[in-house]
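Student: Have a look at this one before I ask anything.
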Amino acid sequence: MKSAWILTGDGINCEEESAEACRRAGFTTEIIHLSELVSQPRDLAQCSLLVLPGGFSFGDELGSGRVLALKIRYELGWNLTQFVDGGGLVLGICNGFQTLVALGAFGTGVALASNESGRFLNEWVKLKVDPAMKTSPFLRDIDSIELPIRHGEGRVLYGDGTAPLRAAMTYVTTPNGSHAGTAGLIDKTGRIFGLMPHPEGYLRASQHPGSFRTPGPAHAAGDGLKIFKNAFHSARSL
Amino acid sequence: MSPAVKPNSFLAERFELFPWSDDLDVHARRIHSDFLRENPDVKPADFKIETAKAYVLFHSGIDDVQEIGEEILLNPVLDRATAPSGWRPSSENASRVIERRYRPGMTDNSARAFEEALGIRLSVPRLNPAFTAHRMDLFRIRAGNQKLLDRIEATLSHPLLHVARTLEEKSWSDRKDLERLRELFPEENKSAAKILDYHAPTFEIRELDSATLEKASKDHLWALSLKEMQTVQAHFAKTGRNPTLGEMEVIAQTWSEHCKHKIFRGTIHFEGPESIPDGYPKIEIPKTTPGLFRTTIKAVTDACPKPWLLSVFSDNAGILAFTPQDAVCIKVETHNSPSAIDPFAGAITGIGGVHRDIIGTGFGAKPLFNLDVFCVAPARFDTDRPDGIFPPSRILEGIRAGVEAGGNPAGIPTIAGALVFDKSYLGKPLVFCGSGGVLPREIELHPLVRCEKKEILSGDRIVIVGGRVGRDGIHGATFSSQALDTSDAFLLNSSVVQLGDPFTQKRALDFILKARDQGLFRTLTDNGAGGLSSSIGELATLSNGAKLDLTNAPLKAMDLRPEEILISESQERMSLAVPPECLERFLSLANSMRTEATDMGEFIDSGFFEVVYRGETVAKLDLEFLHEGCPNLEIRAVWNPKALARLPAPVKNLHSDGDSIRTRLLKLLGSENIRSKASLIRQYDHEVQGGSLVKPETQINSHRSPNQSGAVLLRPDSEVAAVIGVGILPEYSRYDAYTMAQASLDEAIRNVLCSGAEYGTSDSVLALLDNFCWPDPLTNRDYAADLVRAGYGLRDAALALELPFVSGKDSMKNDFRGQQNGKAVKISVLPTVLVTALGRIPDLARARTSEFKNTGETVYLLGPAAFTLVGSQFERIGLHHDEARRLPLPNWPLAKKLYGWLGSPASQVLRSCADISEGGLLTAISEGLFAYELGFTFDSAFSEAESPSFFYGEGFHTFIVSLEADSNQAVTESWTELGIPWKRLGMTTTTPKLIVGNTVIKASDLEGAWR
């Protein structure tokens, strides 16, 4: 059995579609409320894939993802490094990516700032995958993909003196001022993937705005599912 | 470290966050561009602005507080903790530093998050913390002169929300001192205590004369009329005692126009002219209407029984069965008065309020989508407006931002809406916030099992869930029940302005859905207008009584008086009836999910709404008097239709090509009511929850075509969608409100049909909502006549199409009185009806969009095509024509046939479908070209010589549809057989040009004008 845990609560709001994505990919899927984890702590080692879904944890106050990161570190006491070293996979989408960044999954010199426009942005974007990153379990066989973005703080920036990371995924046209068009990052193990676009927002063809052009494919799978299927393929069995 | 009451010896720490660079200071950039937009005389380089944030923490001793605070607050990549040297104020240069805090008692979400983060970091319980935090904003402005500095400074704070001060050299260097911080936050000094010694004050009503009664109603902000005050007086004369102040407050809230809809229930006497002038619909309005709601809106629903109608008008929102498992509910609210005073706060509380309506529908629903409609004045009135009101562009941006802040963090997609510009909205903007939710039709574990049931048993506990009660939002219901007056005492009463907290609400929603699924409560409703006095007062009718105990009410402001607790409209609260045997599990689940829940008494069957505080009776009101005792209104309405004259000849010679198709079409596409709303749409999440099907616009790379409505699946794994369309055409009210209402209804239905809604069989789920926003019909008989005509207009159209209304709301005091250039002005909104249609797309493969898909599609005009120019965008933007002027007339029997075909599976053959609405035929065709960069060529049967009403006219029931070239004949034959008028217009082409006769217009020019 391969199991996926989808975190929810405290303002996370993409748990249902993230769970649907994991189910479609083959995972035994469980949506777990953060408050349950506080009252009944669970060992991360019991899951194959941990998903930090999109949303507005803690209302995005004090910087998106930052309070949730504190909660994961201090209240849940989870150590993601240990988890992935033991064979686990972590996917952080949008607010989940922001949380991973705040947890230091990609080092300390990187941050997600407000979009250059200062405005929230919902639109479909074209993305390219860095061929060197296709070794990551998440990105196998994906060269490019179209996905929706829906965020106000998606601009990847690096502190003075920090060498920029190699982006796993970049925008063809950068919508938010992100450094070198970075849309997603992969940690050095390849097992933690964070991205601003929403792969769980493209599980079926009908979600793509262009799907109405050709009659018929409304029920077909959308490209976003590939990322979850890839994760399923590489996830450890429990 | 857990002192329950903060000692005065508290310590204070101030943390500051300065962006490392201007590039990171998006807040400053926003203020800069907003100021320039509203002040065309100022140039970008004339001033510079920088922002920073500060947090102040009062605590009783936390080790390493500086380090821990910075760990939580400071992102070292983006901000630094020490002020750059330039921030130090100096009297010599033309710069200013301003420090701004929220007024005491305002919701401060960042500060609450800081407190919670600190609790997490220090492992201390969240509630009753030994520290309190405050958030502040700092601004540094530089400009060439003091006058400009003053003007900028004035826009940085709002006296009803903020306290701002300019920092001098000394106050800058002292700003971290404990003494200074205590001065800045006086609420930290006084130990506000709960009222322990309470005796319910009485209101000596029995001896008062008419003048004193009227004055008392005004002084207490009750908004009760003399007749109503006298009814209360008579009631208490019979009872043999004087009312308490608490009872007067409860009556005032319950009888407010906002809560009671007295105008819609009143008796209306209608007078019309001897004969109806040409150009108007020939319909008869009854001389007496005994309750407009009952006679028009509800009468339709009574006449159209549908197997899928589960609940109408009785609950927070109408409930419709969508699948054997799922029901959908929908509600649209208005939040006009609060949005006029502070558009951001008004809009965020508006959207938050309608979400609570949905959460509180049936046995509890999960919000599934939002819809928003804003009516505002055009930006050209930014510099031409009465005193004391905001520039319309700031109002629009504030409303937009408020709905964003309430909608996006809640995780609810905003899928439909409209934006209407008209100068009549200068005094009071209209903000319609709607939401729909999904709920399972049955939950076996739930005490009521079926979703639409509302029951309370005597003995059930009264439990309040969510946010705490504060001084915010007191008298909101009575406030919005009168005209907006900038000199009004209401404006000085800050408590009518509130800020929302979508995060607390989201947590409460998560909890309520879980408690619902476990069957831990019997029924629930939201706390909206009138606060507990309304929510418990209404729920009490289900058990025939309630005993509400305010003693343990969770408070934000400890010294609130019981009367204030009773009517405070503090946000994010729900009221529930919990069976006593479930209470312990209910409270324990709430606690584990970090939602505050408080047992506040019980439902009883005494026939009274009783309120107590520390054993003392605050109010004890006969429920029947409270809910049925309000006297009936008698309203006089007089209709004076004016003859529709031809347009006068243009005053000056137009440019030589002034009446060319190109000029006219580009002007129309670029006009404020037609041009792209992409900048708004993109700032709302319209895809969250994974059910996105038809989006507000079809975006293909950088090109966009608008869709007519929005559709979402009920769940990520569902194949059934809800589709939402709106119709709002207030311009017709300048001529005839009957036509306005009918056209709005037709528009809403056409919009959902364009996206694939089903219609035509008894199983087709399609329902209507009505929202009336009116200038006061009690003081103006013309407006009263418009109201009656609009009601009958909706009735006649809905009856003809056999479509029920399931929910509605009205707002009746949309007038503004103030001063401009030393003269008194009154601005009343156009009588405005918003019709919302909620339909079903039974299979997602039946969804469709409006843009043309490919080259070689054949394009048809489908429907009666009886267009006219009165009230059209063409006339509104000042374009000239010399056709006879008449209002568009509907043909409902024909519409029913056409809509039946469009709502059937047969219409899946269509490649695209758009209705012809604002801007007319050429606008509709143009918009369909953008997404795929296509062109369109009219058949040779058409030339530039077609009439303006053909190219630009507007009217009922007509669409532009396209078909694959090879499927045409069978389809057109079926239209003919069904008696549906159609006309072939032309073909889409690869060359991106619009061609009619010898006129060739590049599609990119059309798109450029539109965007």
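Student: Which whole number gives the average count of other chain Cβ atoms within 10 Å of the Cβ atoms across peptide A:110-119?
Tutor: Details: counts 1, 6, 3, 8, 8, 1, 4, 5, 8, 7.
What the average comes to for A:110-119 is 5.
Student: Another one. Grab the other residues whose beta carbon is less than 10 angstrom from that of B:Asp939, score K and R as +1, D and E as -1, and report the net. Let's see the in-between values first.
Tutor: Numbers: positive: B:Lys983, B:Arg984; negative: none.
My count for the surroundings of B:Asp939 gives +2.
Student: Relative to the Cα centre, what is the charge dipole magnitude of the stretch A:3-234, using +1 at the beta carbon of each Lys and Arg, -1 at the beta carbon of each Asp and Glu, and rounding to the nearest 20 debye? Before the final figure, lay out each step's value.
Tutor: Numbers: 20 positive and 23 negative charges, 113 e Å.
Charge dipole of the stretch A:3-234: 540 debye, to the nearest 20.
Student: Of B:Ile263, B:Ile443, A:Thr182, which is farthest along the charge dipole of the protein assembly as shown in the positive direction, counting Lys and Arg as +1 and Asp and Glu as -1 at C-beta?
Tutor: Projecting each Cα onto the dipole axis, the largest value belongs to A:Thr182.
Student: Please tell me the relative contact order of chain B in percent, rounded to the nearest whole number, where contacts are Cα pairs under 8 Å and at least six residues apart.
Tutor: Details: 2374 pairs, mean separation 118.5, N = 1011.
This gives 12 percent for chain B.
Student: Another one. Based on the alpha-carbon set only, what is the convex hull volume of the protein assembly as shown divided per residue, in Å³? Kindly include the intermediate steps, with their values, before the conclusion.
Tutor: Details: hull volume 220.6 nm³, N = 1249.
Enclosed volume per residue, from the Cα hull, is 177 Å³.
Student: Among B:Val250, B:Gly240, A:Pro41, whose Cα sits farthest toward the positive end of the charge dipole of the protein assembly as shown (+1 at Cβ of Lys/Arg, -1 at Cβ of Asp/Glu, about the Cα centre)?
Tutor: Towards the positive end, the residue furthest out is A:Pro41.
Student: Right, another one. Could you state the angle between the C-alpha long axis of helix B:781-801 and the longest principal axis of the C-alpha atoms of chain B, as a value from 0 to 90 degrees rounded to the nearest 10?
Tutor: 60 degrees
Student: Ranked highest first by average number of other Cβ atoms within 10 Å, how do A:176-185, B:994-1003 line up? Present the calculation step by step, with values, prior to reporting the outcome.
Tutor: Working: A:176-185: 21.7, B:994-1003: 16.7.
Ranking, from highest mean packing down: A:176-185, B:994-1003.
Student: Related question: At R0 = 60 Å, how high is the FRET efficiency between B:Gln969 and B:Asp23 if r is their beta carbon distance? Nearest 0.05 is fine. Don't skip to the end; give the middle numbers.
Tutor: On the way: r = 61 Å, r/R0 = 1.02.
Efficiency for this residue pair is about 0.45.
Student: Angle, helix B:343-359 long axis vs. longest principal axis of chain B, Cα atoms, 0 to 90°, nearest 10?
Tutor: Result, in degrees: 90.
Student: Could you tell me the relative contact order of the stretch B:310-623? Use alpha-carbon pairs under 8 Å, at least six residues apart, and round to a whole percent.
Tutor: The value is 22 percent.
Student: What is the local net charge at B:Ala321, summed over the other residues whose Cβ is closer than 13 Å to its Cβ (Lys, Arg +1; Asp, Glu -1)?
Tutor: Working: positive: B:Lys306, B:Arg441, B:Arg450, B:Arg840; negative: B:Asp326, B:Glu442, B:Glu452, B:Asp763.
Net local charge, B:Ala321 excluded: 0.
Student: Tell me the net charge near B:Thr414. Cut-off is 9 Å between Cβ atoms, B:Thr414 excluded, with +1 for each Lys or Arg and -1 for each Asp or Glu. Present the calculation step by step, with values, prior to reporting the outcome.
Tutor: Working: positive: none; negative: B:Asp372, B:Glu404, B:Asp685.
The answer is -3.
Student: Here's another thing I want to ask about it. What are the GluC sites (Glu not before Pro) within the stretch B:86-187 that DSSP puts in a loop, where the Cβ has at most 11 other Cβ atoms within 10 Å?
Tutor: Details: sites: B:Glu92, B:Glu99, B:Glu115, B:Glu116, B:Glu153, B:Glu168, B:Glu169, B:Glu179, B:Glu183, B:Glu187; in loops: B:Glu92, B:Glu168.
Answer in residue order: B:Glu92.
Student: Karplus couplings for the stretch B:584-595 from phi (6.51 cos²θ - 1.76 cosθ + 1.60, θ = phi - 60°), rounded to Hz, Gly and Pro as x?
Tutor: Each residue of the stretch B:584-595 in turn: 5, 5, 4, 5, 6, 5, 4, 4, 5, 9, 6, 10 Hz.
Student: For chain B, find the longest principal axis of its Cα atoms and tell me its angle to the long axis of helix B:892-902, 0 to 90°, nearest 10.
Tutor: For helix B:892-902, the angle is close to 80 degrees.
Student: With every atom except the alpha carbons ignored, what do you get for Rg and Dmax of the stretch B:165-228, in angstroms?
Tutor: Expressed in Å, the Cα Rg and Dmax of the stretch B:165-228 come to 22.7, 60.
Student: Let me ask another. Hey, any idea what the orientation-averaged projected area of the convex hull of the stretch B:701-757's Cα atoms comes to, in nm²?
Tutor: Details: hull surface 22.3 nm².
Over every viewing direction, the Cα hull of the stretch B:701-757 projects on average to 5.6 nm².
Student: Let me spell out the model: positive unit charges on the Cβ of Lys and Arg, negative unit charges on the Cβ of Asp and Glu, origin at the Cα centre of the protein assembly as shown. What dipole size does that give, in debye rounded to 20? All intermediate terms of the calculation are to be shown ahead of the outcome.
Tutor: On the way: 133 positive and 155 negative charges, 250 e Å.
Taking the Cα centre of the protein assembly as shown as origin, the dipole is about 1200 debye.
Student: Working out 0.36 nm times the residue gap between B:Glu274 and B:Lys238, then minus their Cα-Cα distance, what length gain in nm do you get to one decimal?
Tutor: Numbers: separation 36, 0.36 × 36 = 12.96 nm, distance 4.74 nm.
That pair, B:Glu274 and B:Lys238, stretches by 8.2 nm at full extension.
Student: Taking the Cα centre of the stretch B:501-650 as origin, sum charge times position over the Cβ atoms of Lys and Arg (+1) and Asp and Glu (-1), and report the length of that vector in debye to the nearest 20.
Tutor: Values: 16 positive and 23 negative charges, 168 e Å.
For this selection, approximately 800 debye.
Student: Continuing with this model, one more query. Give the aspartates and glutamates reachable from B:Lys298 as a straight Cα distance under 15 Å; neighbours fewer than 8 places away on the same chain don't count.
Tutor: B:Asp315, B:Asp770, B:Asp796, B:Glu802, B:Asp810
Student: Over all residues in B:117-123, what is the mean tally of Cβ atoms on other chains that come within 10 Å of each residue's Cβ?
Tutor: Numbers: counts 10, 2, 3, 10, 6, 1, 2.
The per-residue average across the peptide is 5.
Student: For the stretch A:3-234, what relative contact order do you get, as a whole percent, if you take Cα pairs closer than 8 Å and at least 6 residues apart? Intermediate results must be reported in sequence, preceding the final value.
Tutor: Values: 512 pairs, mean separation 44.3, N = 232.
Relative contact order of the stretch A:3-234: 19 percent.
Student: Still on this model: Counting other C-beta atoms within 10 Å, which of B:Asp559, A:Asp43 has the fewest, and how do the rest follow? Working shown, then result.
Tutor: Working: B:Asp559 13, A:Asp43 8.
Listing B:Asp559, A:Asp43 from fewest to most nearby Cβ atoms yields A:Asp43, B:Asp559.
Student: A further question on this structure: How big is the Cα convex hull of chain A in projection, averaged over all directions, in nm²?
Tutor: One quarter of the hull surface, i.e. the mean projection, equals 12.3 nm².
Student: In square nanometres, what is one fourth of the surface area of the convex hull spanned by the alpha carbons of the stretch B:310-623? Let's see the in-between values first.
Tutor: Working: hull surface 62.9 nm².
Taking the Cα atoms of the stretch B:310-623, their convex hull projects to 15.7 nm² on average.
Student: Still on this structure, I have one more. Just how far, in whole angstrom, is the stretch A:51-109 from the stretch B:692-710 if you go by their alpha carbon centroids?
Tutor: 33 Å
Student: Another question, then. Go through the stretch B:231-248 residue by residue and turn each phi into a ³J(HN,Hα) via Karplus (6.51, -1.76, 1.60, θ = phi - 60°); whole Hz please, and just put x for glycine and proline.
Tutor: 5, 5, 4, 5, 4, 6, 4, 5, 6, x, 8, 8, x, 7, 4, x, 5, 4
Student: Which residue, chosen from A:Leu127, A:Gly152, A:Phe106, occupies the Cα position most advanced towards the positive end of the dipole of chain A, where the dipole is computed from +1 (Lys, Arg) and -1 (Asp, Glu) charges on Cβ about the Cα centre?
Tutor: Result: A:Leu127.
Student: For the stretch B:813-969, what is the largest minus smallest coordinate of the Cα atoms on each principal axis, given in angstrom and ordered from greatest to least?
Tutor: Extents along the principal axes, in whole Å: 67, 42, 34.
Student: Quick one: of B:Lys454/B:Lys514; B:Lys287/B:Lys826; B:Lys331/B:Lys453, which pairs are farther than 22 Å apart, Cα to Cα? Show your work: numbers first, answer last.
Tutor: Numbers: B:Lys454/B:Lys514 18 Å; B:Lys287/B:Lys826 30 Å; B:Lys331/B:Lys453 18 Å.
Pairs exceeding the cut-off: B:Lys287/B:Lys826.
Student: Sort B:Tyr280, B:Tyr425 so that the residue with the fewest other Cβ atoms within 10 Å of its own Cβ comes first and the one with the most comes last. Each step should come with its number before you reach the end.
Tutor: Working: B:Tyr280 20, B:Tyr425 30.
Lowest to highest Cβ neighbour count: B:Tyr280, B:Tyr425.
Student: If you bin every alpha carbon distance in chain B into 20 Å steps from zero, what whole percent lands in each bin?
Tutor: Per 20 Å bin, starting at zero, the Cα-Cα P(r) for chain B comes out as 13, 43, 35, 10, 0 percent.
Student: Each label point is 7 Å from the Cα along the Cα-to-Cβ direction; what then is the distance between the points at A:Gln46 and B:Lys194, in nm?
Tutor: Result: 4.0 nm between the two label points.
Student: Would you please name the GluC sites (Glu not before Pro) within the stretch B:362-450 that are DSSP coil residues with at most 16 other C-beta atoms within 10 Å of their C-beta? Walk me through the numbers on the way to the answer.
Tutor: On the way: sites: B:Glu397, B:Glu404, B:Glu442, B:Glu444; in loops: B:Glu444.
Answer in residue order: B:Glu444.
No lab work stands behind these numbers, since they all come straight from the coordinates. Note that the structure is predicted; figures quoted are calculated from it, not measured. Note: ideal-geometry Cβ built from the backbone for every residue, glycine included; neighbour counts use all protein chains shown.
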